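Report on one structure; see the data block that follows.
The values are calculated or read from the model by the stated rules, or taken from the named source; none is laboratory data. Note that this is a predicted model, so its numbers are computed, not measured. Neighbour counts are summed over all protein chains in view; Cβ atoms, including those assigned to glycine, are modelled from backbone coordinates with ideal geometry.
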């Protein structure tokens, strides 16, 4: 006779963010601490989703107005009026990349959410990787792998220009520009 299999779900603490620790059919693991999801149903079931996954930071991409998250608000939230990567200017890329980087530094689990679908969040992930120090080539290579859909069609020249801006902003404050140094 086989023993009964009993399973229980254990939700890890905020700092433990491995792929195996957090599961929801409504989202995809991107890297430790970063998840992606899409669609309009997630905001409607936000409170249950947040309790199940431990997500406490949301980068929400939706044109015109954010979809209201029903229930308790996440600890960190950024809405950008962007529907498609081609609409994301340098400032949007800075905001997204810096937001994700800051949330991860605080030990938060970050959800990249786009109402039009999770793959629309890929540019925000690339912006984060570049803001965190990856080369544009490395960030784009990573964004062309699972869980993202292949191929990744993007404007590489635009990412190179963004990376140069990030690099200039990251120079020591003695060079005269302290904007990034003040944010960190």
Exercise for review: Can you work out which of the residues in region 62-110 that are under 16 Å from residue 38 (Cα atoms), touching a helix residue (DSSP H, G or I) at 6+ places or on another chain (Cβ under 6 Å) and not in a loop (DSSP other than H, G, I, E, B) is modelled with the lowest pLDDT?
Suggested key: 85
Check your understanding: Is region 114-131 home to any residue that is closer than 23 Å to residue 54 by Cβ, part of a strand (DSSP E or B) and in contact with a helix residue (DSSP H, G or I) (Cβ under 8 Å, 6 or more places away or on another chain)?
Key -> yes
Practice item. Could you tell me which residue of region 116-140 is farthest from the chain's Cα centre (by Cα), considering only residues that are within 18 Å of residue 28 (Cα to Cα) and surrounded by fewer than 19 Cβ atoms within 10 Å (Cβ to Cβ)? Key: 116
**Study point:** Tabulated pairs, region 18-40, first over 14 Å from residue 118 (Cβ atoms), second in a strand (DSSP E or B) and at pLDDT below 95, C-beta under 6 angstrom, 6+ apart or interchain
**Key:** 19/29
Point to revise | Leading residue by the ranking (modelled with the lowest pLDDT) among those in region 154-184 that are over 23 Å from residue 35 (Cβ atoms) and outside any helix (DSSP H, G or I) | key: 184
